[in-house]
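**Student:** Here you go, one structure.
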Amino acid sequence: MGFDVAAAAYDAFMGRYARRLSAQFVEFAGVAADQRVLDVGCGPGTLTVELVGRLGPASVAAVDPSGSFVEAARSRMPGVDIRRASAEALPFESASFDAAVAQLVVHFMPDPVAGLREMARVTRIGGAIAASVWDHAGGFGPLGTFWSVAREVHPGVVDESNLPGARGGHLSQLFEAAGLASVIETSLVADLEHPTFEEWWGPFTHGVGPAGAYVQSLDPGHRAALRDRCRTVLGDGPFVIPARAWAARGQA
Ligand SMILES: C[S@@+](CC[C@H](N)C(=O)[O-])C[C@H]1O[C@@H](n2cnc3c(N)ncnc32)[C@H](O)[C@@H]1O
């Protein structure tokens, strides 16, 4: 999947957009100061840092299946209960939390409905479950230009547009399938200006996520063709990359 990578590689590639999403997402989830919250698929801790800043380390727990990310998150946030686990099998008693949140994770879950059900199980009845996924299907996620060029130079490439939750309305459907109540969906925007083409492109070569894995799978000639076509489309910089996410919220 491309998440067994160094935290610094994730931060440079996707963390740069995820950081801008975190505060909005926590507000949308309705997390309040006196709550105990679980961050599912925490990665190196982008959203966890935001939660700890609001709630304190003792009121936040986090899980991720990637060993390198769990280690990085633990060293960044001592005092936070961070475990290696997947959404589909959460290592917590039922009703342990007031809310469970998953930022940019549902589309990577092998069984999103089971993952959301587990998030509801470990949350008290009536507590909030919230998730966000980039708008990969609409092309307004932060990888929109990249995948559009990849499809042009490599017809048939498997992009991220068909992943669960990546099209408007699909997160809500998954929430409802998981039995969540009072489901609402919105979009959040985390557009980012890149100073130069190199600053934008460099992190794509670090192997993070499906896009990074795809770049690493290319031979040098095809990789250069992809990079050069991206530069033609985007220019040398500065340029703004749109980063729109779908976000859904429901009640356990
Ligand atoms: C794009 S990153 C998001 C990380 C972090 N939430 C953020 O906002 O920066 C996706 C994360 O989902 C994790 N992940 C993949 N499959 C998962 C699953 N089944 N359950 C929980 N997390 C999963 C990956 O290891 C990775 O850390």
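Derivation of every value follows stated rules applied to the coordinates shown; laboratory data play no part. Because the structure is a prediction, the values reported are computed rather than measured. All Cβ positions, even for glycine, are placed from backbone atoms using ideal geometry, and neighbour counts span all protein chains on display.
**Student:** Looking at the chain only, what percent of DSSP beta bridges run antiparallel? Nearest 5 please.
**Tutor:** Of the beta bridges lying entirely in the chain, close to 50 percent run antiparallel.
**Student:** Show that you can apply the helix-only estimate: for the chain, add -39,500 (n - 2.57) for every DSSP H stretch of four or more residues, divide by all residues, and state [θ] at 222 nm to the nearest 500. Present the calculation step by step, with values, prior to reporting the outcome.
**Tutor:** On the way: 10 runs with 95 residues, N = 252.
Counting only the DSSP helices, I get -11000 deg cm²/dmol.
**Student:** While we're looking at this one, here's another question. With a bin width of 5 angstrom, please list the P(r) values of the stretch 36-115 as percents of all Cα-Cα pairs, from the 0 bin to the one holding the largest distance.
**Tutor:** 3, 17, 30, 27, 16, 5, 0
**Student:** Compute the Cα gyration tensor for the stretch 96-233, then decide on rounded, prolate or oblate, letting a ≥ b ≥ c be the square roots of its eigenvalues: rounded whenever a/c is under 1.5, prolate when a/b is larger than b/c in the other cases, and oblate in all that remain.
**Tutor:** Prolate, because a/c is 1.5 or more and a/b exceeds b/c.
**Student:** Using label points projected 7 Å from each Cα along Cα→Cβ, tell me how many nm separate Glu152 and Ala12, to one decimal.
**Tutor:** Between Glu152 and Ala12, the simple spin-label model gives 2.6 nm.
**Student:** So how much slack lies between Asn162 and Glu27, counting 0.36 nm per residue of separation and subtracting their Cα-Cα distance, in nm?
**Tutor:** Between Asn162 and Glu27, full extension yields 45.9 nm more.
**Student:** Neighbour counts of other C-beta atoms within 10 Å: give me Tyr17, Tyr10 arranged from fewest to most.
**Tutor:** Ordered from fewest to most neighbouring Cβ atoms within 10 Å, Tyr17, Tyr10 come out as Tyr17, Tyr10.
**Student:** Further question: Hey, if you put +1 on the Cβ of every Lys and Arg and -1 on every Asp and Glu Cβ in the chain, which of Ala150, Leu174, Pro195 ends up farthest toward the positive end of that dipole?
**Tutor:** Leu174
**Student:** Subtracting the Cα-Cα distance from 0.36 nm times the residue separation, let me have the gained length for Ser96 to Arg223 in nm, one decimal.
**Tutor:** 41.0 nm
**Student:** Can you give the % of DSSP beta bridges in the stretch 96-241 that are antiparallel, to the nearest 5?
**Tutor:** Bridges in the stretch 96-241 that DSSP calls antiparallel: roughly 35 percent.
**Student:** Still on this structure: May I ask for log10 I(q)/I(0) of the chain at q = 0.09, 0.16 Å⁻¹, from a Debye sum over the Cα atoms as equal point scatterers with solvent left out?
**Tutor:** The computed values of log10 I(q)/I(0) come out as -0.37, -1.14.
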